[in-house]
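Undergrad: This is the structure I have questions about; it appears just below.
The values are calculated or read from the model by the stated rules, or taken from the named source; none is laboratory data. In this text the structure is predicted, and so the values were computed from the model without any measurement. Heads up: the accessible areas ignore ligands, DNA and RNA and are worked out on the full protein's heavy atoms, side chains in. Shrake-Rupley method; radii C 1.70, N 1.55, O 1.52, S 1.80 Å.
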Amino acid sequence: MLAAARQTRPAERVPLAEALGRTLAEAVVSRDALPPFDNSSVDGFAVRTADFAGGTATLEVTGEVAAGGVPAEAVRPGTCLRIMTGAPLPDGADAVAPVEWTEAEGTRPEGNRVRIGGAPTPGQHVRRAGEDARPGEEMVAAGTVVGPPVIGMAAALGVPSLAVCVPPRVAVVATGDELVDAGATPGPGRIRDSNGPALAAQVLSAGGTVLGPWRARDEERDARAALEKALEADVLLVSGGVSVGDYDLVKGVLGGLGVAWQFWKVRQRPGKPLAFGRRGNTLVFGLPGNPVSSAVCFEQYVRPALAALLGRRAVLRPRRPAVLAEAVPKAAGLHHFVRGRFEYGGDGRLHVRPTGPQGSGLYSSMLRADGLIHLPEGMEHPEAGTPVEVEWLPA
Ligand code: AMP
Ligand code: MG
């Protein structure tokens, strides 16, 4: 599935103010040195360490340099310059003595002499040109998700826009004759469609753009019309209709539209009927209709696929060690994704417990979850204290 998702995708340039959360299509390479010049990291006096043979020195203050200024003169033997944080280091100086090492109030001593009570070592309190970024250095790799520090670094480097991956277009189609809109009052036997809106939100949070969400009836012609249009997307998410019921016609209809199914059914709970296929470069996910199954399958399969499509370096969420706080019912031979609440215990370990009954129709079990507890296929009768792996769900 991930191999199918590793495609070369188009890139676009966006200004820094619009780059948050996007995925870098190209590395950010520093053209300049950062900082661009040697400068002081403290408020104090730019000095020559050779003047401190006795451990202290009394020096003549010949001028000052503030942030944004340039030194008017060099530091000579027996002299120093007042210097402020961020100001360029004057010629001749090889260190800065902080103002705290003098008896002066601030950097303005009485008269034009200052007694410095300690000896700076060469380079002390000096920020060297290029120590943060060297010219030509790759600062951020392609495939990185742009966070605030990437934006800050790009600005510092004079890179006003970033090349980012064009988000994959993800079509969402919820199937089911029972479904009505969130704003409607369901008639007898009907329910409101929750998977459409929830999947659309998951797609957005994963960096995709949403087409739809649309709905299709459990009827071949209607389903074919809706799915044919949706197949023009980069990714198609179909909810419902992939199980073994008489009206589960999604696999057949999509097969007729040229989708080659790669797998159907996974030894997992929830989400066993999951189907995955492709038509050309379009990835197709048949997600089980039960709301928890749909949400969990998105997190486990679709989110990593979208990350791979975006060219992200990290596509899988990290799993963390934890310990079960209570016994959990478990079917043998199935990998369980238990919706859990996580809490650090006094022992420093992460203690996790189910959010309550775990039926795949109980959306509240997802709503209240901090994350997913993995109970692998081979695990039987997990008791309180059993070590497990967990992953946090995004907010
Ligand atoms: P299905 O996978 O189509 O057999 O549906 C399984 C269960 O999920 C049934 O109880 C459906 O009513 C329910 N379901 C299917 N699609 C949705 C949806 N979009 N929103 C809420 N519940 C759904
Ligand atoms: Mg259905």
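Undergrad: Could you check how much of the accessible area of the range 248-348 is carbon and sulfur, as a whole percent, using a 1.4 Å probe?
TA: 49
Undergrad: Next up: Within the chain, what percent of beta bridges assigned by DSSP are antiparallel, to the nearest 5?
TA: 65
Undergrad: Hey, another quick one. So what is the accessible area of the chain per residue, in Å², with the probe set to 1.4 Å? If you can, show how the numbers build up before the last one.
TA: On the way: 18740 Å² over 395 residues.
Averaged over the residues of the chain, the accessible area is 47 Å².
Undergrad: If amide H atoms are built 1.01 Å from N in the plane of the peptide, which residues on other chains or at least 5 residues away come under 5 Å of the amide H of Val166?
TA: Placed amide hydrogens put Ala11, Glu12 under 5 Å from Val166.
Undergrad: How much mean residue ellipticity at 222 nm does the chain get from its helices, if each DSSP H run of length 4 or more adds -39500 (n - 2.57) and you divide by all residues, to the nearest 500 deg cm²/dmol?
TA: Rounded to the nearest 500, it is -4000 deg cm²/dmol.
Undergrad: In the full protein assembly as shown, how much of Glu18 is accessible to a 1.4 Å probe, in Å² to the nearest 10?
TA: Solvent-accessible area, nearest 10 Å²: 110 Å².
Undergrad: Another question, then. Tell me, what % of the accessible area of the range 1-105 is carbon and sulfur with a 1.4 angstrom probe? All intermediate terms of the calculation are to be shown ahead of the outcome.
TA: Details: 2580 of 5090 Å².
Taking all protein chains in place, the range 1-105 shows 51 percent carbon and sulfur surface.
Undergrad: Name the residues whose placed amide hydrogens come within less than 5 Å of the amide hydrogen of Val65, ignoring near sequence neighbours (fewer than 5 apart) on the same chain.
TA: So Val65 has HN proximity to Arg82, Ile83, Met84.
Undergrad: Moving to a separate point now. From the square roots a ≥ b ≥ c of the eigenvalues of the alpha-carbon gyration tensor of the range 227-278, which class results: rounded (a/c under 1.5), prolate (a/b over b/c), or oblate?
TA: Because a/c hits 1.5 or more and a/b exceeds b/c, the range 227-278 counts as prolate.
Undergrad: For Arg353, Arg267, give me the order by solvent-accessible area with a 1.4 Å probe, most accessible first, ignoring ligands, DNA and RNA.
TA: Putting Arg353, Arg267 in descending order of accessible area: Arg267, Arg353.
Undergrad: Of Arg224, Arg134, which has the most accessible area and how do the rest follow, probe 1.4 Å? Intermediate results must be reported in sequence, preceding the final value.
TA: On the way: Arg224 90, Arg134 140 Å².
In descending accessible area the options line up as Arg134, Arg224.
Undergrad: Given springs between every Cα pair under 10 Å in a Gaussian network model of the chain, which of Leu324, Leu59, Leu274 has the largest fluctuation?
TA: So, out of Leu324, Leu59, Leu274, the one fluctuating most is Leu59.
Undergrad: If the elastic network links every pair of Cα atoms under 10 Å, which of Pro15, Pro213, Pro304 fluctuates the most in the Gaussian network model of the chain?
TA: Pro15
Undergrad: Over its Cα atoms, what ratio of radius of gyration to 2.2 N^0.38 Å does the range 188-341 give?
TA: 1.08
Undergrad: Given contacts defined as C-alpha pairs under 8 Å and at least six residues apart, what's the relative contact order of the chain, whole-number percent?
TA: 15
Undergrad: Which whole-Hz ³J(HN,Hα) couplings does the range 321-333 yield from phi under the Karplus relation 6.51 cos²θ - 1.76 cosθ + 1.60, θ = phi - 60°, glycine and proline marked x?
TA: Karplus values, whole Hz, x for Gly and Pro: x, 8, 9, 5, 7, 8, 5, 10, x, 8, 7, 5, x.
Undergrad: Next question. Considering the chain, what Rg and Dmax in Å follow from its alpha-carbon atoms?
TA: 30.9, 96
Undergrad: Continuing with the same structure: Just to make sure I understand: if all protein chains stay in place, what is the order of Ile151, Ile83, Ile191 by accessible area at 1.4 Å, largest first?
TA: Heavy-atom accessible area, descending, gives Ile191, Ile151, Ile83.
Undergrad: Given a 1.4 Å probe and every protein chain left where it sits, what share in percent of the accessible area of the range 154-226 is carbon and sulfur?
TA: 54
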